[in-house]
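These notes are about the structure you will find just below.
Nothing in this text is a laboratory measurement; each read-out follows from the coordinates by a stated rule. Quick caveat, the model's predicted, so the values are computed rather than measured. FYI the Cβ positions are ideal-geometry reconstructions off the backbone, even for glycines, and counts take in every protein chain you see.
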């Protein structure tokens, strides 16, 4: 749904592998107050002239006051990193999931990076911070430990400061939480910089402890990651983007769609969306499977046409996915053209059984559009967590801009999508019928809580239960 069909997770995946935050980059340079104010004015101008959803969640008055406050508080020179921390707070004011802001170093392609990071994978669960993977040979902090502080900062304060600088659609917080749970150490470094050592407060079974952990370069972190977690897949493997699994008794099928981006599916997964989906539904329909579980968890979206193609196999009446598009023309928000407008016909051979959809905070953009259409058609039972994407209105078709002085990278959406109506907008994601979220023990043991809950629902339905 961005201009190049690439979303936040892919940018961070690239930046993690090619390095960022190196000494001597724009992040470490010191910029004059005049240069910083010029960049801030440039950003505001680009947003005002291109972003059709700029005032959807916060009024023009609030947006202007925020920018005025940011400008007035620029009273001394700052590094690029400090300026990024300063301006990225606007993410929680604009509240648009496609308005992405990244530091200059996150987009730089460089070799020989010696920056060091916190060697853990950390998760946010119910507002608390846990370590679920350990990427160091230091055994002080085990998997499952709750982190109470980092470098003498309370974990709750760190979570709040990082969350305030995260994108989201409206007042939704599952998407910021999902982003930080996948890229915590990267965003920690964006805001707090790189340390040689980390002072960590943590607890195990309620017993508080402290440890000093040596920071590691990314290459060492990846070494330990592969060594200690060989069973976990961290890369996009051929054939893994679109998967179909059939229950041995044909009671249900599990269709997992990890991505709707054609370019990612073809280049990374070596799959063709239409061909794979047609084949899958041929198997599902021919097997007389009574129930289908559609897994859209962690799916960041992609090409809207692929969502339409999927929905044609799930619905039995003509349907629409986007009712209106808007852009800014001559300083005003106006209707415009966009992909997949109008009514779409279902396939002659479509799935008519029970449909269950797994969603979470990572179900964003086109995943939210697909979920919205299924909800509007009263076609599915949703299980999991609130989607990161708004099911009623969102943005896309972003222009990439770079702030002239600090080189901070920003994606500015140029089109607004209205799936249902703006009047329906509750500033939230799609709320599931059954709210189920994994705990730290589920994650450590590899227990798929949402999937097992859904299978239990199917079993109850098959037995005639309520």
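In nm², what is the average projected area of the convex hull enclosing the Cα atoms of the chain?
Averaged projected area of the chain's Cα convex hull equals 22.8 nm².
For a footprinting-style exposure proxy, rank 385, 435, 48 by other Cβ within 10 Å, fewest first.
If I rank by nearby Cβ atoms, fewest first, I get 435, 48, 385.
Helix-derived [θ] at 222 nm for the chain: sum -39500 (n - 2.57) over DSSP H runs of at least 4, divide by residue count, nearest 500?
It comes out at -10000 deg cm²/dmol, rounded to the nearest 500.
When only C-alpha pairs under 8 Å and at least 6 residues apart count, what is the relative contact order of the range 174-250, in percent?
Here the relative contact order equals 17 percent.
Taking 0.36 nm per residue of sequence separation and subtracting the Cα-Cα distance, how much length would be gained by fully extending the chain between residue 204 and residue 161, in nm to one decimal?
Net length gain for the segment: 13.0 nm.
Go ahead and collect, in residue order, the members of the range 71-90 whose backbone nitrogen is under 15 Å from a label point 7 Å along the Cα-Cβ direction of residue 401.
Label zone hits: 87-88, 90.
By count of other Cβ within 10 Å, fewest leading, how are 55, 269 ordered?
55, 269
For residue 347 and residue 223 in one chain, what is 0.36 nm times their gap in residues minus the Cα-Cα distance, to one decimal in nm?
39.9 nm
Assuming R0 = 25 Å, can you tell me the calculated FRET efficiency for the pair residue 316 and residue 244, based on Cβ-Cβ distance, to the nearest 0.05?
0.75
Would you list 364, 188, 67 from fewest to most Cβ contacts within 10 Å?
If I rank by nearby Cβ atoms, fewest first, I get 67, 188, 364.
If each of residue 62 and residue 452 carries a label point 7 Å out from its Cα toward its Cβ, how far apart are those two points in nm?
So the label points at residue 62 and residue 452 sit 4.1 nm apart.
At a Förster distance of 45 Å, what's the computed FRET efficiency of residue 270 paired with residue 79, Cβ-Cβ distance as r, to 0.05?
0.60
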